[in-house]
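A.B. asks: My questions all concern the structure below.
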Amino acid sequence: AGLELLSDQGYRIDGRRAGELRKIQARMGVFAQADGSAYIEQGNTKALAVVYGPHEIRGSRSRALPDRALVNCQYSSATFSTGERKRRPHGDRKSCEMGLQLRQTFEAAILTQLHPRSQIDIYVQVLQADGGTYAACVNAATLAVMDAGIPMRDFVCACSAGFVDGTALADLSHVEEAAGGPQLALALLPASGQIALLEMDSRLHEDHLEQVLEAAAQAARGVHTLLDLVVRQHVQEASVSLGD
Amino acid sequence: MLRSKTFLKKTRAGGVVKIVREHYLRDDIGCGAPACSACGGAHAGPALELQPRDQASSLCPWPHYLLPDTNVLLHQIDVLEHPAIRNVIVLQTVMQEVRNRSAPIYKRIRDVTNNQEKHFYTFTNEHHKETYIEQEQGENANDRNDRAIRVAAKWYNEHLKRVAADSQLQVILITNDRKNKEKAVQEGIPAFTCEEYVKSLTANPELIDRLAYLSDEMNEIESGKIIFSEHLPLSKLQQGIKSGSYLQGTFRASRENYLEATVWIHGDKEEEKEILIQGIKHLNRAVHEDIVAVELLPRSQWVAPSSVVLDDEGQNEDDVEKDEERELLLKTAVSEKMLRPTGRVVGIIKRNWRPYCGMLSKSDIKESRRHLFTPADKRIPRIRIETRQASALEGRRIIVAIDGWPRNSRYPNGHFVKNLGDVGEKETETEVLLLEHDVPHQPFSQAVLSFLPRMPWSITEEDMKNREDLRHLCVCSVDPPGCTDIDDALHCRELSNGNLEVGVHIADVSHFIRPGNALDQESARRGTTVYLCEKRIDMVPELLSSNLCSLRSNVDRLAFSCIWEMNHNAEILKTRFTKSVINSKASLTYAEAQMRIDSAAMNDDITTSLRGLNQLAKILKKGRIEKGALTLSSPEIRFHMDSETHDPIDLQTKELRETNSMVEEFMLLANISVAKKIHEEFSEHALLRKHPAPPPSNYDILVKAAKSKNLQIKTDTAKSLADSLDRAESPDFPYLNTLLRILATRCMMQAVYFCSGMDNDFHHYGLASPIYTHFTSPIRRYADIIVHRLLAVAIGADCTYPELTDKHKLSDICKNLNFRHKMAQYAQRASVAFHTQLFFKSKGIVSEEAYILFVRKNAIVVLIPKYGLEGTVFFEEKDKPKPRLAYDDEIPSLRIEGTVFHVFDKVKVKITLDSSNLQHQKIRMALVEPQIPGINIPPNVADKALTAPGGKKRKLEK
């Protein structure tokens, strides 16, 4: 009889209510080697982000931009990240597209004009995928960029949202994504409320867009509160160790 | 909101993929008791009652809530639906299991839980921190769920004790599983079986009848003989179907013979589409409409379908031997080529039981509580029910549900659900035919009525936005007499440039029925208004159908107008659609309108407008017929009702006037114009109507019949068919043409609604139009409402909504509409048949002239033009010597003792009402002329025999 994504009592398959996020755990500065790094878990979706830069343009110098930094994003997902093992960890169409989306998101958030003719590399790898990979990647990368000390306008917080039986669901899990309903990914600059990226799969009637968008934005603000806590804690730890 | 611990649930699907899912357990799920301080906060939706005292159970006199397990919910839903049963906790575990096992019951339980009065509370135990349990090693899913139910019951009892120690509230587990009950009692949970509990409710003895009769395994051993072979488990069936040793199909019982059935095999293979099942053991407890698995028998055991009519008349269990004897009877010697693939049912894939209408056949033993129930539908076996009120139910129409069919029982077991009323009563019979045709006819619910506009209603500024004021136009409506739901009106006027402006104004129902609300959902479900002989089952509430939407004269009404500019040759120069306000100047009947057109004395605006319309309609009709539109005919009858008793006093065939076709012509034109417009705007999701061309073989009967009268009917195109029908006249037999047209109607296919994105054949065969839809009757057809909405969006008068632009949803709507239309038609026919019976009951015996429509092997089908009544004259009767019959398929003709019957021959028949079977009264026809010795009944004897039951009838009539 198919899965009931939202029960009459308002519970989702995994016991959450419509607007609730999954459990988020994050850590900054996981690698000493890189300029900045972060690891995030959003439920069962786990992602690692590493940032290098700003540094001189690598490869052909002609790519350098005279007025701002070049943001280079690469996305990959581990072969073991999904139920069935993947053949190619990176370089497929989906990975390239995700890389472009991340680039667009971070070009909007990083104050690139402060570093003309330089390059910032963001590498993201998904270790386990259980829905909302784009959101997890953005959230991990935000922390990593901050860890690298690169100035940004604001946090970029991302969250997905779906739509089932007239109700918007925040932070979709893999089961909910696989059910095939409309799915919206939103990257938000929470302080200003500006949208860094908005993407949607499949059809959704325009009457409902507002509602789904609001659910995603609300969830993204929730993500922001949590990430803010992580950053403050990390800074505190760092200052304590400096004090010694 | 507190989120509690996270943990992983690992399952293996297909043994390959490892699925890892999170499961958040919560501590904020309320228990549903309003006084509960621990759960805090109000609960949305219906909740339990604070002091459930009204259930006076002798088993547990203290206040209590009930907690049924899955099987109780699945089997005893009729008990739970009874208003006396309240304050029930439905666990999520139970809901999920019900959802997986039976969709109809899931729907019913959801309806019950949504009913505030019932105080059913759904407890989400699987997400609750304290009631969630994990499946243990070696424990199967069923045991785990049973344990989950017990854990929840225990939690509830402890929780309630903590919260309201003084009120002694208890939760009682209701389970029919003995082991489960024992375990529960061990764990200190009060538990009863459903039967124990219901019997303890001394205040409501009628509940006992509603108990589903479930045989315990214990009893089964005692009551001896096993009649049927076991059904194979589903896993084995699926294996067998995959390997090809079994076939899956829909079981269709035979109407004529209870020992015979066919199974329609699902699949695309042309051969062996149908498998014959013969004999009670091979039928193996399958019931009509079930999805079954069958095994083909070896070729040596194949049989031919018998032509014998057999009714199940047995009363006891011991009839099985008799059945076997009867089975032998079926196996008459037949030629090799008559043999059909024969099989036996090995298992049931899905039961499709529903509640059945019928009557009780009381047991011969006076004190017996077990009785047999005979369903009205002959394809359904008789059902054994247990009831104490048998004498009260005798002679009543009742509803019974099947509970199960054990291996040792000749009949399925069931339980009584509802009493409809006395048999033969008009209300009861109407109810029965509505139920049997699945016509939703309950009064509109409060939720639906809440979306009606407040009275007194008037047109506001807001309504006038996007709307044209056409109140100055001279609009009038033309309808059959007594029509209260007027959904169309017309006007015609001359423009300054000499052209004519013609407007069709349709009631703007979509203004009142907004998408998605309860009113819209209910009308979508009903799909169409059903017109029975003395009753109308409205699709929309009466306030709309007979008042606000009805385009009555001299009141302002909202309309959707389709306005053309035409020249005097009825060529369309311009088409325009607009929402409007009109004020009809007159509501006329067809006869009144005809009179106005014909009388030279009248020259007012309305009359000139009508004349203009009539003129144009004639040209339009001519054009349409030239294109090949068919004019078909079907005998339609109307009853003249007695205004007080509502009994039919006379029948009359419908009369057709020029004005009928005038209105029809403009409605067709409007529908076609609208269809073009919405298809142009929404190529993917326009709701259209098509009428497929029939396959040539359908016409065989017509061509052969015409040939016997030396006429030629060409059927290669609609045009040639129309032309040849027009030419088919016989000077000495004027009625022949109508008969041919009636026959041609029978050859046609059904017209259906469809969504333009899902199909590519749009042609309407009967109207010879490349595209067609329904726009003109939104009060009585839901399809028109959708079309109105589409058109409103297309002209920018309204906004779209999600379901409107979803072709899958639209195609689901079409499916439902097609089904409802078909059922409405059947219900209408059944209603006419019932009233015909009433009519002839009062009329006594009549002899009338009739024409032969079809010739069958042992009968002729005749049509009586005077009543538009069709009936069958049988030449073989049970206790009489069989006459010599010779049937010729080629001509078609039937020779009986030297008299030959051809199609269209004129005969004289005697019409009587046969009420020997109280449940299936029917019109019986017997031949009077031509005289055939041994066939005709001598008139005087017949009169006596037929007046005898008259006395009894009179009593019923009263």
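The values are calculated or read from the model by the stated rules, or taken from the named source; none is laboratory data. What you see is a predicted model; the values in this text were computed from it and never measured. Cβ atoms come from the backbone with ideal geometry, glycine included; neighbour counts cover every protein chain shown. Protein only, heavy atoms only, side chains kept; ligands, DNA and RNA dropped before computing areas. Shrake-Rupley method; radii C 1.70, N 1.55, O 1.52, S 1.80 Å.
A.B. asks: Among the listed pairs B:LYS857/B:LYS906; B:LYS676/B:LYS807; B:LYS704/B:LYS908; B:LYS621/B:LYS719; B:LYS118/B:LYS418; B:LYS107/B:LYS418, which are separated by more than 21 Å between their Cα atoms?
C.D. replies: Violating the 21 Å limit, Cα to Cα: B:LYS704/B:LYS908.
A.B. asks: In debye, nearest 20, what is the charge dipole magnitude of the protein assembly as shown about its Cα centre with +1 on Lys and Arg Cβ and -1 on Asp and Glu Cβ, if you could check?
C.D. replies: Its charge dipole is roughly 1500 debye.
A.B. asks: May I pose another question? With a 1.4 Å probe and every protein chain kept in, tell me what percent of the accessible surface of the protein assembly as shown is carbon plus sulfur.
C.D. replies: The computed percentage sits at 50.
A.B. asks: Only Lys, Arg, Asp and Glu count, each charged at its Cβ (+1, +1, -1, -1), so figure out the dipole size of the range B:457-670 about its Cα centre, rounded to 20 debye.
C.D. replies: 660 debye
A.B. asks: Then there's this: For the range B:484-567, calculate the relative contact order in percent as a whole number, restricting contacts to Cα pairs under 8 Å that are 6 or more residues apart.
C.D. replies: The normalised contact order for the range B:484-567 reaches 43 percent.
A.B. asks: Ok, one more. Based on alpha-carbon positions alone, could you give the equivalent ellipsoid semi-axes of the range A:105-244 from the gyration tensor, as √(5λ), descending, whole Å?
C.D. replies: Sorted largest first and rounded, they come to 30, 17, 14 Å.
A.B. asks: Let me ask something additional. For the range B:70-117, which residues drop by 40 square angstrom or more in accessible area between the chain on its own and all protein chains together (1.4 Å probe)?
C.D. replies: Going by heavy-atom accessible area, the residues of the range B:70-117 that drop by at least 40 Å² are B:ARG99.
A.B. asks: Please report the relative contact order for the range A:1-157, taking Cα pairs under 8 Å with a sequence separation of at least 6, and give it as a percent rounded to a whole number.
C.D. replies: Over the range A:1-157, the number comes to 31 percent.
A.B. asks: Also, I was wondering about something else. Where Lys and Arg each count +1 and Asp and Glu each count -1, what net charge lies around A:GLN25 among other residues with Cβ under 11 Å from its Cβ?
C.D. replies: Net charge in that neighbourhood comes out at +3.
A.B. asks: With only Lys, Arg, Asp and Glu charged, each at its Cβ (+1 for the first two, -1 for the last two), find how big the charge dipole of the range B:697-851 is about the Cα centre; round to the nearest 20 debye.
C.D. replies: That gives a dipole near 440 debye.
A.B. asks: Name the residues whose placed amide hydrogens come within less than 5 Å of the amide hydrogen of A:VAL164, ignoring near sequence neighbours (fewer than 5 apart) on the same chain.
C.D. replies: Residues meeting the amide H criterion: A:LEU169.
A.B. asks: Viscosity 1.002 mPa s, temperature 20 °C: Stokes-Einstein D of the range B:412-496 from its Kirkwood Cα radius, in µm² per second?
C.D. replies: Answer, rounded: 112 µm²/s.
A.B. asks: Considering amide H positions built from the backbone, and no H for Pro or chain starts, which residues 5 or more places from B:LYS362, or on another chain, come under 5 Å of its amide H?
C.D. replies: Close amide H contacts, sequence-distant or interchain: none at all.
A.B. asks: On to the next question. Tally Lys/Arg at +1 and Asp/Glu at -1 over every other residue whose Cβ is under 11 Å from the Cβ of B:ARG820; what's the total?
C.D. replies: +4
A.B. asks: Which residue fluctuates most in the GNM of chain A (Cα springs below 10 Å): A:ASP35, A:ASP92, A:ASP130?
C.D. replies: The residue that fluctuates most here is A:ASP92.
A.B. asks: Sorted by packing (mean other beta-carbon atoms within 10 Å per residue), highest first, where do B:682-691, B:706-715, B:739-748 land?
C.D. replies: In decreasing order of mean packing, B:682-691, B:706-715, B:739-748 become B:682-691, B:739-748, B:706-715.
A.B. asks: Let me know the mean shielding of A:3-10 by other chains, meaning the per-residue number of their Cβ atoms within 10 Å of its Cβ.
C.D. replies: 4
A.B. asks: Go through the range A:71-92 and flag every residue whose accessible area shrinks by 10 Å² or more with all protein chains in place compared to the isolated chain (probe 1.4 Å).
C.D. replies: For the range A:71-92, once contacts with the other chains are taken into account, A:GLY83, A:GLU84 lose 10 Å² or more.
A.B. asks: Could I ask something else about it? Beyond a 32 Å Cα-Cα separation, which of these cross-linked pairs lie in this structure: B:LYS465/B:LYS815; B:LYS426/B:LYS690; A:LYS23/A:LYS86?
C.D. replies: Listed pairs above 32 Å: B:LYS465/B:LYS815; B:LYS426/B:LYS690.
A.B. asks: Here is a further query. Okay, helix-only estimate at 222 nm for the protein assembly as shown: each DSSP H run of n ≥ 4 adds -39500 (n - 2.57), divide by all residues, round to 500 deg cm²/dmol; what do you get?
C.D. replies: The helix contribution divided over the protein assembly as shown gives -9500 deg cm²/dmol.
A.B. asks: Also, quick follow-up: By how many nm would the segment from B:ALA886 to B:LYS922 grow when fully extended, if each residue of separation counts as 0.36 nm and the alpha-carbon distance is taken off?
C.D. replies: Stretched fully, the B:ALA886-B:LYS922 segment lengthens by 10.2 nm.
A.B. asks: With N denoting the number of residues in the range A:191-244, provide Rg(C-alpha) divided by 2.2 N^0.38 Å, to two decimal places.
C.D. replies: 1.75
A.B. asks: Given C-alpha coordinates of the protein assembly as shown, what is the ratio Rg to Rh with the Kirkwood estimate of Rh?
C.D. replies: The Rg/Rh ratio comes out at 1.02.
A.B. asks: Where Rh is the Kirkwood radius over the Cα pairs of the range A:1-40, the temperature 37 °C and the viscosity 0.692 mPa s, what D in µm²/s does Stokes-Einstein return?
C.D. replies: Rounded to a whole number, D works out at 250 µm²/s.
A.B. asks: Considering the Cα trace of chain A, what is its radius of gyration and what is Dmax, both in angstroms?
C.D. replies: Considering chain A through its Cα atoms, Rg and Dmax are 18.3, 62 Å.
A.B. asks: Considering the alpha-carbon set of the range B:43-195 alone, what are its Rg and its Dmax in angstrom?
C.D. replies: Spelled out, the Cα radius of gyration and Dmax of the range B:43-195 are 14.6, 43 Å.
A.B. asks: Here is a follow-up. Considering only protein heavy atoms, what per residue accessible area in square angstrom results for the protein assembly as shown with a 1.4 angstrom probe?
C.D. replies: Each residue of the protein assembly as shown exposes 48 Å² on average to a 1.4 Å probe.
A.B. asks: Over the range B:457-670, calculate the relative contact order: mean separation of alpha carbon pairs under 8 Å at least 6 apart, over the residue count, as a percent.
C.D. replies: Dividing the mean separation by the residue count of the range B:457-670 yields 24 percent.
A.B. asks: Quantify how strongly other chains surround peptide A:100-113 by giving the mean number of their Cβ atoms within 10 Å of each of its Cβ atoms.
C.D. replies: Rounded to a whole number, the mean comes out at 0.
A.B. asks: From the P(r) of the range A:40-143, can you give the percent of Cα pairs sitting at distances over 22 Å?
C.D. replies: Of all Cα-Cα distances in the range A:40-143, 32 percent exceed 22 Å.
A.B. asks: FRET efficiency for B:ASP759 and B:LYS627, Cβ-Cβ distance as r, R0 = 35 Å, nearest 0.05?
C.D. replies: 0.95
A.B. asks: Please compute, for peptide A:202-213, the average count of beta-carbon atoms on other protein chains lying within 10 Å of each residue's beta-carbon.
C.D. replies: The shielding value for this peptide is 2.
A.B. asks: Based on the Cα coordinates of the range B:457-670, what is the per residue volume of their convex hull in Å³?
C.D. replies: 167 Å³
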